[in-house]
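What follows is a single structure, written as structure tokens, with notes after it.
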């Protein structure tokens, strides 16, 4: 049997405020945002921090939403079982918020994403601003409407490096995790 | 032309384009998962407007939050306005509202100002 106390204890020690594992749907995102907004209000967080946390949260959740769908589509096309669910957690240690996300991505897309994250992590504030404007004004627009701006925006709003990891799960899928800090 | 009116929801802003007064207002939050679908009626409306614009067109953007998916659509809306202005048929002004402590929203407005060739006014509002 699963040790529930073990889960509880780990989450408690990591100061987790909210966690979820499962399918990321549009309705779920709406609910999570409502819950987090009232939590941030209850904590009487400064409007500035509140807005940053909310903004980064929206981008993180919508990344999960768009990309788990992409993996699911491929799995269906290959008649495979879809590793559709994702995980995310929000923690708060002192004045600092942590947003953790984890999802499967296609292994063939790992290189491209890693290059993009490394490129972002080498940039300072001004360079990120330029990169954002350049990406915004080019005509590329993914079908989902993301247009590759999400990660740049997360880096700009959080003001910190994107801490990430890729885990090779099997040939087709890898597990991508992201750890964002906002303070 | 009819007035375009779209009610706001927790994830999408209210949109009103009053043809008589040539005033476009976008207010609230713009964080839908599919922003292309959401902004399509406005983009289509602007296409029609461009064939018979008023002498002055005023645009008020008063957003509390917007996601990156919306940011591309908002740029598309501004590009339409830019081409209306460029044709000389209408003088367009975009008023970009931001709350006093919201540097990110001010900066977002400045990003658009740098890309789009239409006069922008940055308007600070109290919370």
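Let me confirm one metric for peptide A:3-12, namely the mean number of other chain beta-carbon atoms within 10 Å of its residues' beta-carbons. Mind dumping the intermediate values first?
Values: counts 0, 0, 0, 0, 0, 0, 0, 0, 0, 0.
Rounded to a whole number, the mean comes out at 0.
Using the number of other C-beta atoms within 10 angstrom as an exposure proxy, rank A:87, A:182 with the fewest first. Display every interim value, and only then the final one.
Details: A:87 16, A:182 20.
Ordered from fewest to most neighbouring Cβ atoms within 10 Å, A:87, A:182 come out as A:87, A:182.
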### Query
How far is it, in nm, from the label point at residue A:166 to the one at residue A:28 when both lie 7 Å from their Cα along the line to the Cβ?
2.4
### Summary
Here the relative contact order (percent) of chain B, from C-alpha pairs under 8 Å and at least 6 apart, is 21
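Of all DSSP beta bridges in the protein assembly as shown, what percent run antiparallel (nearest 5)? Please list the in-between numbers first.
Details: 37 of 57 bridges.
Antiparallel bridges make up about 65 percent of those DSSP assigns within the protein assembly as shown.
Let me have the relative contact order for chain A, percent, based on Cα pairs under 8 Å that are six or more residues apart. Before the final figure, lay out each step's value.
Values: 230 pairs, mean separation 45.4, N = 183.
Across chain A, relative contact order equals 25 percent.
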### Query
Can you give the helix-only mean residue ellipticity at 222 nm for chain B, where every DSSP H stretch with n ≥ 4 adds -39500 (n - 2.57) and the sum goes over all residues, rounded to the nearest 500 deg cm²/dmol?
-12000 deg cm²/dmol
### Rg(Cα)/(2.2 N^0.38 Å) for the range B:4-125, N = residue count
0.98
### Task
Just tell me how shielded B:58-68 is by partners: mean number of partner chain Cβ atoms within 10 Å of each residue's Cβ, no decimals.
3
### Cα-only Debye scattering, the protein assembly as shown: base-10 log of I(q)/I(0) at q = 0.09, 0.13 Å⁻¹
-0.50, -0.99
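Run lengths n ≥ 4 of DSSP H only: what is the helix-derived mean residue ellipticity at 222 nm for chain A, with -39500 (n - 2.57) per run over all residues, to the nearest 500?
Numbers: 6 runs with 92 residues, N = 183.
After summing the helix terms and dividing by the residues of chain A, the value is -16500 deg cm²/dmol.
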### Message
Just to confirm the number: angle between the C-alpha axis of helix B:103-115 and the first principal axis of chain B, 0 to 90 degrees, nearest 10?
### Response
30
### Query
What percent antiparallel are the DSSP beta bridges of chain B, to the nearest 5?
30
### Query
For B:27-38, what's the mean count of beta carbons from other chains sitting within 10 Å of each residue's beta carbon?
4
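We did not get these values from a lab; they are worked out from the coordinates using the rules stated. Keep in mind that this is a model prediction, so the values were computed, not measured. Neighbour counts run over all protein chains shown; Cβ positions are idealised from the backbone, glycine included.
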